[in-house]
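The values are calculated or read from the model by the stated rules, or taken from the named source; none is laboratory data. What you see is a predicted model; the values in this text were computed from it and never measured. Methodologically, a virtual Cβ is constructed for each residue, glycine included, from the backbone with ideal geometry; neighbour enumeration extends over all protein chains shown. Accessible surface is based on the protein model in full, side chains and every heavy atom, while ligands, DNA and RNA are left aside. Shrake-Rupley method; radii C 1.70, N 1.55, O 1.52, S 1.80 Å.
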Amino acid sequence: MNLKKIIGFAVGPIGSSALGLITVPIIAWLYSSEDIGRLAVLQVVMSSAVLLFSLGLDQAYIRNYHESRKQSQLLKTSITPGALLLISTLLIFNLFPGSISKLLFDIDSISISLMVTIYIITGFLTRFISIILRMQEKGLAFSFIQLLPKVLLLIIIGCYASISTDLNFYYLIVASVASTTAAAVFFIFTTKSTWLKALNDKIDKEQIKPMLMFGMPLIISGLSYWGLTAMNTIFMRNTSTFDQLAIYSVAISFASVGSVFRSIFSTIWAPTVYKWEHEGVAVEKIKNTTDQITFSVSILFCVTALLSSSINLILPDKYSDVQYILISCMAYPLFYTLSEATGIGSGILRKSSHTLYSSIAIMAANFVAIYLLIPIYGAAGAAVSTALSSWLFLVLRTEISAHTWKKTPRLKTYITTLACLALSVSYTLKGSEHPYLFPAIWFIFLLVIIISFKKTSATIAKYITSR
């Protein structure tokens, strides 16, 4: 993949994150915290449904794409089983009018239930549209499918604000469904040649079983992120308040900035390291890269903590706790990025089951953490559980790689990330009680990191200044 294509694929996560930083404060000012909490539930339900009802066949489509003689037939074979199961499930729920809305939002509304149904189906279709564009290496189009719904949502919400101040969740879900549906229709039209070919092909029934055998285990691996955010949201929906859920949701939205770092690194990393392995220089270069990523992750923790209070300038007062919760929510994308480097041995050995085991462990750990912490600390407890589970995930992936592939130095990485974790958890739980102490501690830690990684920081600085 050349630089131009990498940039094309990077535009999506970068632009999506930037739009999120604009949209979240606007929504926070216009809607009640209860409505924002309901929006978080809606988004979690959609993402969870897409993950589960795809049956892992979206991943099987990616895996078999270049080897398939009839890619349109492969698409139809991949999408049909999950689509039929999803539609059947939604039809059953809609036999009881208003049940979906009541279950998710404590609102008895047939229209909202129907909109949730449309929203989930649209998300399912958008997932397959995105991988079509991904496999065709249309980077800008792939990015645009991430950006267009957010742009449309921002426009609709802006129109709402200009004509009314009496806004509730109904308006918010209409905006969400309208923006995602319009974007999906647009991209179905732009990829119509692929869809028309697929419609005219027959499903390859012999391929369904091996594709399911490949894809189903990957669902559990994909649940690792669900286990760190969606599980928290669902648990808070039942044990806490929509106000606390709104605070956690806003913090997670701002933490998505860290996902940009993760997304870009993941896009570049795997092809590069497999090339190094082929050339026989992987171990040394992975060590250097691990040091650089550990340094970068630590710096991002420090910068986030030191600047987190600035969030109060753009959010209503009722979201003041977001500044303390944000740093723990950042743990997942940052630690996950680092685990991509330290745990690459599993990928080199083609042992995807290793990631599966780590994912199961992280979900179990997160369940225990949220059970203990959310009833006591609410949104802060959810954020802390995310941070603790993320660090465990990093350690598990690293240790499995070290014991099944090749041992690499990792003590410095563990000590540094454990310090980041401890400071983050402390800041989340006690930051409001010591508003001046923690910024000073984070600044001192920043200096310690720069000194401890003197060689790495000098290498990065030299690279940046030479560009």
- Message: What are the pairs with Cβ atoms under 9 angstrom where one residue, in the range 403-431, is closer than 25 Å to Asn288 by Cα and the other, located anywhere, is open to solvent by 50 Å² or more (accessible area, probe 1.4 Å) and aromatic (Phe, Trp, Tyr)? Sequence gap at least six, or different chains.
- Response: Thr417/Trp391; Leu418/Trp391; Cys420/Trp391; Leu421/Trp391
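How about the range 356-410: which of its residues are within 19 Å of Ile325 (Cβ to Cβ) and open to solvent by 30 Å² or more (accessible area, probe 1.4 Å)?
Tyr371, Leu372, Leu373, Pro375, Ile376, Tyr377, Leu388, Trp391 - these are the residues of the range 356-410 that are within 19 Å of Ile325 (Cβ to Cβ) and open to solvent by 30 Å² or more (accessible area, probe 1.4 Å).
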- Task: Name the single residue, out of those in the range 92-109 being in contact with a Phe, Trp or Tyr (Cβ under 8 Å, 6 or more places away or on another chain) and not in a helix (DSSP H, G or I), that is nearest to Ile36 (Cα to Cα).
- Result: Ile107
- Matching residues in the range 256-292 - criterion: being modelled with pLDDT of 70 or more, under 28 Å from Met135 (Cα atoms) and outside any loop (DSSP other than H, G, I, E, B): Val257, Gly258, Ser259, Val260, Phe261, Arg262, Phe265, Ile286, Thr289
- Positions within the range 38-68 being acidic (Asp, Glu) and without any contact (Cβ under 8 Å) to a residue 60 or more places away in the chain, in sequence order: Glu67
- What are the pairs, 6+ residues apart or on separate chains, where a residue within the range 69-94 that is closer than 23 Å to Thr194 by Cα has its Cβ under 6 Å from a residue that is open to solvent by less than 40 Å² (accessible area, probe 1.4 Å) and of a type in the set (Asp, Glu)? Ser72/Asp201; Gln73/Asp201; Lys76/Asp201
- Message: Looking at the range 51-64 only, could you name the residues that are open to solvent by 20 Å² or more (accessible area, probe 1.4 Å) and either assigned to a helix (DSSP H, G or I) or under 15 Å from Asp204 (Cα atoms) (or both)?
- Response: Leu51, Leu52, Phe53, Gln59, Ile62, Arg63, Asn64
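Looking for whichever is in contact (Cβ under 8 Å) with a residue 40 or more places away in the chain and touching a His at 6+ places or on another chain (Cβ under 6 Å) here; the options are Ile374, Ile400, Ile370. Which one fits? It would help to see each step written out before you state the result.
Numbers: Ile374 fails: touching a His at 6+ places or on another chain (Cβ under 6 Å); Ile370 fails: touching a His at 6+ places or on another chain (Cβ under 6 Å).
So the residue among Ile374, Ile400, Ile370 that is in contact (Cβ under 8 Å) with a residue 40 or more places away in the chain and touching a His at 6+ places or on another chain (Cβ under 6 Å) is Ile400.
Examine the range 414-431 for a residue that is part of a helix (DSSP H, G or I), of a type in the set (S, T, N, Q) and touching a Lys or Arg at 6+ places or on another chain (Cβ under 8 Å), and state whether such a residue exists.
No.
Can you tell which of Ser111, Ser72 is small (Gly, Ala, Ser) and touching a Lys or Arg at 6+ places or on another chain (Cβ under 8 Å)? So that I can check it myself, show each step before the final result.
Details: Ser111 fails: touching a Lys or Arg at 6+ places or on another chain (Cβ under 8 Å).
The unique qualifying residue is Ser72.
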- Residue that is nearest to Leu411 (Cα to Cα), among those in the range 432-467 that are open to solvent by 100 Å² or more (accessible area, probe 1.4 Å) and modelled with pLDDT under 80: Lys455
- Message: I'd like the full set of residues that are free of Cβ contacts under 8 Å to residues at least 40 places away in the same chain, hydrophobic (A, V, I, L, M, F, W, C) and open to solvent by less than 30 Å² (accessible area, probe 1.4 Å), limited to the range 97-144.
- Response: Ile100
- Query: Among the residues of the range 166-202 satisfying the criterion of being touching a Lys or Arg at 6+ places or on another chain (Cβ under 8 Å) and under 16 Å from Phe128 (Cα atoms), which is most open to solvent (accessible area, probe 1.4 Å)?
  - Reply: Leu199
